[in-house]
Every structure is written in structure tokens, then in C-alpha cells.
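Below you'll find the structure, written out as C-alpha cells, and then a few comments.
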Amino acid sequence: MHCPFCRHPDSRVVDSREADDGAAIRRRRACPSCNKRFTTVETAGLTVAKRSGATEPFSRAKVIAGVRKACSGRPVDEDALARLAQQVEETVRASGCAEVAAHDVGLAILAPLRDLDEVAYMRFASVYRGFEHLGDFEAEIAELRTHQALLATSGLAEAGETAAGETAAVLRYGGAHDPAPPPVHATSAR
């Protein structure tokens, strides 16, 4: 690491600490040449591959901006949008890939948005999935009702939580317009 003050090509790590809930490492460094100290922050890179073939760094701000449009006029506050963006990033990072398709980011938005606000979910899903007919909306509303019934039967409707692991995996990609949902592996009851 080059010193930002004297451009010396080496530095010594004085202290390392976790930052951003373990998503980054903050390092205090000292330059052996000018003896000045500086801080660096290291994070694991996550890029998004767009349909055009271009790639760009994952951005929570872009997730929030897209979801904010769907939430326009709805009772959704900024803290809820920030939590949703964090959930989306955690879901995308859990894939273990350094590069993810923009389509996968959109899929990761759908489940938490559905739990946050159903009207905003329908707005986002209709644009994201390219609804063209009334039947597309009807199919998605039927999926929402199925989801609500599942939550009600599992006793989690008031908490806004999803059911056990395998149910959450099914519901995350459970929309009528998702081209290929991932395989769901049955797990034993907890």
C-alpha cells in the first residue's frame, strides 16, 4: 500500500478491526518513510453483470433508488429501505460469487419487498417481470394470496417473517413469471 502523503511504496499495519458488521476490515497503517499514519478499508468486491454485458460494483444505493420508486406514496420509511437493501446484499453475497447477474439482484429484491409492502411489491414486480396483460397481475395476486395464507397458517403473518428455510427458498423465487426457480431441497423439521 503506497503512502498517500509521500508515495512511499510500502507501509506497516499498526491495527486491524472489523467494520460495517464484519463486511469490511479497517486497517491503521504507518509509513516507514515519513512516519505519518493513515487508514484503509478493505471489502470483498461484488460486481453486477448487466444485460448489456457491462459490469459495475454492487450498490445498495441503486437498490434503494429502485425500490423507492415502487414505494412512492406508500408508508415505507428510509430505515426500512436501508434494511431491505442490506437484506438484498446479504442474499446476493450468500451466493458466494464475486459477480452476479442483475436478474439475480432483482430476484433478491422481490421477497423482502413483498414482506415490506405488497402494493410496492406489485409495482416493482410488474416492471421487473414485464407484465403485459391483466392475467399477469392476476397470477401475481394469486401468488401473494398463497403467500399470505402460508404465513397465516404458520402463525407468522403479524411478524412479517417467512416460514422455515425450505418455505423461504420456495417463496423467494415463487412468482408466476420467474423463468427457472432454483431446486428446493427438503430439510427435516426443526
Can you tell me which of (1) part of a loop (DSSP other than H, G, I, E, B); (2) loosely packed, with under 14 Cβ neighbours inside 10 Å; (3) not aliphatic (A, V, I, L, M) is the one H8 doesn't meet? (2)
Test T43 against the criterion of being among the β-branched types (V, I, T), open to solvent by less than 50 Å² (accessible area, probe 1.4 Å), at pLDDT below 90 and under 23 Å from the mean Cα position of the chain (by Cα), and give yes or no. no
Name the residue that is nearest to A98 (Cα to Cα), counting only residues in the range 22-54 that are touching a helix residue (DSSP H, G or I) at 6+ places or on another chain (Cβ under 9 Å) and not hydrophobic (A, V, I, L, M, F, W, C). K50
Just the residues that are modelled with pLDDT of 90 or more, open to solvent by 50 Å² or more (accessible area, probe 1.4 Å) and in contact with a Ser or Thr (Cβ under 9 Å, 6 or more places away or on another chain), please, taken from the range 14-32. R26, R27, R28, P32
Every pair of residues 6+ apart whose Cβ atoms lie under 8 Å, when the first sits in the range 13-25 and is of a type in the set (S, T, N, Q) and assigned to a strand (DSSP E or B) while the second is surrounded by 13 or more Cβ atoms within 10 Å (Cβ to Cβ) and at pLDDT 75 or above: S16/I25; S16/R26; S16/R27; S16/R28
Being touching a residue at least 24 places away in the same chain (Cβ under 8 Å) and outside any strand (DSSP E or B) is the filter here; which residues of the range 26-51 pass it? C31, P32, S33, C34, K36, A44, G45, L46, K50, R51
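The values are calculated or read from the model by the stated rules, or taken from the named source; none is laboratory data. Computed from a prediction, not measured in an experiment: that's the story for all the values here. Cβ: placed from backbone, ideal geometry, glycine included. Neighbour counts: every protein chain shown. Note: accessible area is taken over every heavy atom of the protein model, side chains too, but ligands, DNA and RNA are not part of it. Shrake-Rupley method; radii C 1.70, N 1.55, O 1.52, S 1.80 Å.
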